Amino acid sequence: MISYETHETTSHVLTPEGASIALNGSHEARVWAAVPVKGEGSPMTPKELEAKIGSDIAKIGQGRAFKNKWIGKEGDSLVKLAAQIDDVTQKEMREVDSTGTLKGGEKALAELRKRKLIVQKKGQWFTVHRGPNFSTSTAKPETDLTMEMLTTGAWKTSTFKRYNFEAEGIPTNGGALHPLLKVREEIRNIFLEMGFAEMPTGNFVDSGFWCFDALFVPQQHPARELQDTFYLSDPVKSLPPPADYYKCVSRVHERGDFGSTGYKAPWSDEESRRLLLRTHTTASSAAMLYKLAARFRGEDEDEDALTAHSGTTRKGRDAGKGDDFRPAKLFSIDRVFRNETMDATHLAEFHQVEGVVADRNLTLADLIGFMRVFFKKMGIENIRFKPAYNPYTEPSLEIFAFHPLLKKWVEVGNSGMFRPEFLQPMGFPPDIHVHGWGIGLERPTMIRYGITNIRSLVGHKVPIESVEESPAVRF
Ligand code: PHE
């Protein structure tokens, strides 16, 4: 639209000292003005001059004033010699200030630069001409060829914007699943393809009875203390658990039963009925197993228990034995709560993945074999087991996997064979064995997405873009 030429200029501007001279006169002129005419007024010593106009100006100005023969000395006193002076320096400062240069030329300018009264200033200016496409209005190039353009023939004269094949396009404005939900879905699919049914786990609030007592966790266990478990203040107390079962569980704790000696400690009804936020999903597994055992108590199975059986068929070792107990394979993936100090890898609420398998005469080898298959489906082939302790399982095994990036064995899960003290008060006969295991959901998700701080995964500091842009996960 336009063409232009650039021009360079140099001009001069005053330094602060130069500006002061333009206003008040040169130092030598100020010295001359301050010194008395010979015979008039009281004599003035150099010290008195300094006191009057300032020592800097007095010292610098005296030299030039003497040289110019504007002042002289009589004894110790200074006297005016010239009746009139021409303050060239002040004139030059005023000339530079208004014209940017001196008629005196470069030599005079150089002298003033040396005295640090002026400095050079570079500038630029332009001459601008109308170009071949000059216009006072702007036209937007067309981005679409419309039917109207075609029918009116406007397309012939329109200017079109070039296609940008590098453009990334507009991001689609749709919902996005949080990484935890994607990983949950992947794990859920593994369970479903292995014939598992999902347990109902909606009750975040549970009682001490279902979370601990039913699982044979002693009432004095440290996990039940305030610093580990969140208790409800309102309401404090749960509804009573099924009476017969409750009696049986409290007896196993206090005095022992089913071949167990129990804890030989007093039973607290209050402790059992305390409402809390469940600390593990095994609380929900316990409730589900209780429903599953209904047939052995001579009760009707409820709907949840019937769903649990679906998808499982009796095969193998015990098939055709003539009993109608069908094995159950159950799983859940849901939220649990612990009164933890939060840091880069710990939250007070997180998710547990849990599976339980119930069948006649299951052994530890079944559990180990099952774990290998399950973790292989999660992409973890290299696993090891370490003996561990849980109040509700015996034996208990911690599961370790070799982390190829960390190059070390990391704990990935906890498992075991549920104890008779847990299963038999529900009504299960001794030969029905149940094994179970639990893994975290957050840890595999963090590893999968390369996240090192859990706060980048959960909570208010998670950027919404990271959720929208997180890829799908495949184990
Ligand atoms: N409940 C255990 C935990 O919170 C996991 C587990 C489940 C262990 C089932 C054994 C059997 O870590």
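List of remarks:
- Residue 307 falls short on exactly one of the conditions (1) hydroxyl-bearing (Ser, Thr, Tyr); (2) open to solvent by 40 Å² or more (accessible area, probe 1.4 Å); (3) modelled with pLDDT of 95 or more, and that condition is (3).
- Top-ranked residue in the stretch 220-234 [being among the hydrophobic types (A, V, I, L, M, F, W, C) and part of a loop (DSSP other than H, G, I, E, B); ranked as most open to solvent (accessible area, probe 1.4 Å)]: 226
- The lone exception for residue 466 - which of (1) in contact with a helix residue (DSSP H, G or I) (Cβ under 8 Å, 6 or more places away or on another chain); (2) within 24 Å of residue 375 (Cα to Cα) it fails: (2)
- Just one of the numbered conditions (1) in a loop (DSSP other than H, G, I, E, B); (2) more than 20 Å from residue 328 (Cα to Cα); (3) over 32 Å from the mean Cα position of the chain (by Cα); (4) of a type in the set (A, V, I, L, M, F, W, C) is not true of residue 405: (3).
- Every pair of residues 6+ apart whose Cβ atoms lie under 7 Å, when the first sits in the stretch 213-224 and is at positive phi while the second is in a loop (DSSP other than H, G, I, E, B): 216/391; 216/392; 216/419
- Test for residue 145: is it part of a helix (DSSP H, G or I) and without any contact (Cβ under 8 Å) to a residue 40 or more places away in the chain: no
- Given (1) without any contact (Cβ under 8 Å) to a residue 24 or more places away in the chain; (2) touching a strand residue (DSSP E or B) at 6+ places or on another chain (Cβ under 9 Å), number of the condition residue 277 does not satisfy: (1)
- Residues of the stretch 349-360 that turn out to be open to solvent by 20 Å² or more (accessible area, probe 1.4 Å) and within 21 Å of residue 184 (Cα to Cα), as a count: 4
- Looking across the stretch 361-387, just one residue is of a type in the set (Val, Ile, Thr) and open to solvent by less than 20 Å² (accessible area, probe 1.4 Å), and that is 383.
- Scan the stretch 440-456 for residues that are open to solvent by less than 20 Å² (accessible area, probe 1.4 Å) and more than 12 Å from residue 473 (Cβ to Cβ) and the total you get is 2.
- Number of the exception - residue 462 against (1) at pLDDT 95 or above; (2) away from the ligand (no atom under 16 Å from the Cβ): (1)
- From the options 152, 99, residue that is without any contact (Cβ under 8 Å) to a residue 40 or more places away in the chain and open to solvent by 90 Å² or more (accessible area, probe 1.4 Å): 152
- Within the stretch 148-199, tally of residues that are touching a helix residue (DSSP H, G or I) at 6+ places or on another chain (Cβ under 6 Å), within 25 Å of residue 373 (Cα to Cα) and in a loop (DSSP other than H, G, I, E, B): 1
- Considering residues of the stretch 37-91 that are open to solvent by 40 Å² or more (accessible area, probe 1.4 Å) and of a type in the set (Val, Ile, Thr) only, the residue farthest from residue 102 (Cα to Cα): 45
- Among the residues listed as 334, 343, 323, the single one being at pLDDT below 95, closer than 26 Å to residue 204 by Cα, open to solvent by 20 Å² or more (accessible area, probe 1.4 Å) and not hydrophobic (A, V, I, L, M, F, W, C): 343
- Here the stretch 388-410 is the region considered, the condition is being open to solvent by 70 Å² or more (accessible area, probe 1.4 Å) and within 13 Å of the ligand (Cβ to nearest atom), and the residue that is nearest to residue 433 (Cα to Cα) is 394.
- Checking each residue in the stretch 361-402 for being in contact with a Pro (Cβ under 7 Å, 6 or more places away or on another chain) and charged (D, E, K, R) picks out no residue at all.
- Selection count, the stretch 381-396, where residues are in a loop (DSSP other than H, G, I, E, B) and either under 19 Å from residue 331 (Cα atoms) or touching a helix residue (DSSP H, G or I) at 6+ places or on another chain (Cβ under 6 Å) (or both): 1
- Some residue of the stretch 235-253 being within 16 Å of the ligand (Cβ to nearest atom), at pLDDT 95 or above and either in a loop (DSSP other than H, G, I, E, B) or open to solvent by 70 Å² or more (accessible area, probe 1.4 Å) (or both): no
- Looking only at the stretch 112-131, and only at residues there that are in contact with a helix residue (DSSP H, G or I) (Cβ under 9 Å, 6 or more places away or on another chain) and not in a loop (DSSP other than H, G, I, E, B), the one that is farthest from residue 33 (Cα to Cα): 120
- Residue that is nearest to the ligand (Cβ to nearest atom), among those in the stretch 437-457 that are assigned to a helix (DSSP H, G or I) and over 24 Å from residue 354 (Cβ atoms): 455
- Considered as a group, the residues in the stretch 411-436 that are of a type in the set (Val, Ile, Thr) and within 15 Å of the ligand (Cβ to nearest atom) include one that is most open to solvent (accessible area, probe 1.4 Å), and that residue is 412.
- Criterion violated by residue 367 - all others in (1) under 30 Å from residue 455 (Cβ atoms); (2) within 10 Å of the ligand (Cβ to nearest atom) satisfied: (1)
The values are calculated or read from the model by the stated rules, or taken from the named source; none is laboratory data. The structure presented is a predicted model; accordingly, all values stated were derived computationally and were not measured. Backbone-built Cβ (ideal geometry, glycine too); neighbour counts: all protein chains shown. The protein model used for the area step is the full one, side chains on, heavy atoms only, and it has no ligands, DNA or RNA in it. Shrake-Rupley method; radii C 1.70, N 1.55, O 1.52, S 1.80 Å.
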